[in-house]
Amino acid sequence: MSGAPLLTVRDLVAGYGNAAPVLRSVSFDVEPGSITAVVGANGAGKTTLMRALSGLIRPAAGELRFDDVDLREVPVERRVRHGLAHVPQGHGVVAELTVDENLRLGGLWRRDRADARRAVAEVYEMFEPLALRRRHAGHQLSGGERQMLALGRALVGRPRLLLLDEPSLGLAPKAVAQTMALLRRLRDESAVAVLLAEQSLRGALSVADRGIVMSQGQLVFTAPAKDLRDNPHLRQLYLGF
Ligand code: ATP
């Protein structure tokens, strides 16, 4: 991959309130149409990183560029209009609304109503189980289906970068494999870039182009995912398996 990065993160410092920052000088790039896995133990700072990128928390310092835009100048509710979609941990599906209502919610802000409708139709094509359950409420879905719906809802906004926080959490291994296959398709067929925070290292590294290893709020290592997958020494050193 070549050309300008889609996302540039430089010396990012962020955390909560007056406590010591969680993220300490984190720097990395995300290339357009690539999958980057952010791996690291519980509490390493993966969720905090996602929140700082989507604007849910305000960085104390550092640079965040998305294309030509200084993200720090863009309020959280406008970042999605720039093509940045965040699917938080726990998925964020509205349990009382139907599958169809959840999907349409994902396009409510879009001016191009016709394209928003097209995007919903495409999600149904991509996720057959959702098409079969259009009128089911969110709470009637399985964990895997809820994950699909959360992803589908984000896709209705036609993102260029998806921030996915632990999409495999609580899913059966088969559903994890399906989710990873889907991310691969999104990258290959729609050139969507994905930043994927995961504790499920094998799953994440199986689809990722690049791996970022975080520990205690710092980026301790980054390499092509293939190297992290295939090099037992690196795996042992940074991933502990
Ligand atoms: P996990 O896999 O458990 O989600 P993580 O790598 O995503 O872990 P974070 O959730 O970003 O890690 O947590 C990093 C640190 O930030 C932890 O020490 C945690 O206690 C702290 N933290 C997380 N959320 C908050 C919050 N809302 N307020 C204060 N501290 C928080």
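The values are calculated or read from the model by the stated rules, or taken from the named source; none is laboratory data. These numbers come from a predicted model, not from an experiment. As a convention, Cβ positions derive from the backbone with ideal geometry for all residues, glycine included, and neighbour counts pool all protein chains shown. The protein model used for the area step is the full one, side chains on, heavy atoms only, and it has no ligands, DNA or RNA in it. Shrake-Rupley method; radii C 1.70, N 1.55, O 1.52, S 1.80 Å.
Note on the stretch 172-193: among residues that are in contact with a Gly (Cβ under 9 Å, 6 or more places away or on another chain) and in contact (Cβ under 8 Å) with a residue 40 or more places away in the chain, the one that is most open to solvent (accessible area, probe 1.4 Å) is A191. Does the stretch 191-215 hold any residues that are part of a helix (DSSP H, G or I) and of a type outside the set (G, A, S), and which are they? Across the stretch 191-215, the qualifying residues are L201, R202, L205, V207. Is at least one residue of the stretch 128-149 part of a loop (DSSP other than H, G, I, E, B), within 18 Å of the chain's Cα centre (by Cα), within 20 Å of L196 (Cα to Cα) and in contact (Cβ under 8 Å) with a residue 12 or more places away in the chain? For the stretch 128-149, residues part of a loop (DSSP other than H, G, I, E, B), within 18 Å of the chain's Cα centre (by Cα), within 20 Å of L196 (Cα to Cα) and in contact (Cβ under 8 Å) with a residue 12 or more places away in the chain: absent.
For the criterion of being of a type in the set (A, V, I, L, M, F, W, C) and open to solvent by 10 Å² or more (accessible area, probe 1.4 Å), A197 fails.
Tallying residues that are surrounded by fewer than 20 Cβ atoms within 10 Å (Cβ to Cβ) and under 19 Å from S25 (Cβ atoms) within the stretch 200-222 yields 6.
A residue that is open to solvent by 60 Å² or more (accessible area, probe 1.4 Å), outside any strand (DSSP E or B), at pLDDT below 95 and within 16 Å of the ligand (Cβ to nearest atom) occurs somewhere in the stretch 161-171.
On inspection, L155 passes the criterion of being at pLDDT 90 or above, closer than 19 Å to L182 by Cα and among the hydrophobic types (A, V, I, L, M, F, W, C). Does at least one position in the stretch 173-190 carry a residue that is closer than 26 Å to E145 by Cα, outside any helix (DSSP H, G or I) and acidic (D, E)? Checking the stretch 173-190: not a single residue is closer than 26 Å to E145 by Cα, outside any helix (DSSP H, G or I) and acidic (D, E).
For E145, state whether it is at pLDDT below 95, surrounded by fewer than 22 Cβ atoms within 10 Å (Cβ to Cβ) and on the phi < 0 side of the Ramachandran plot.
In short, yes.
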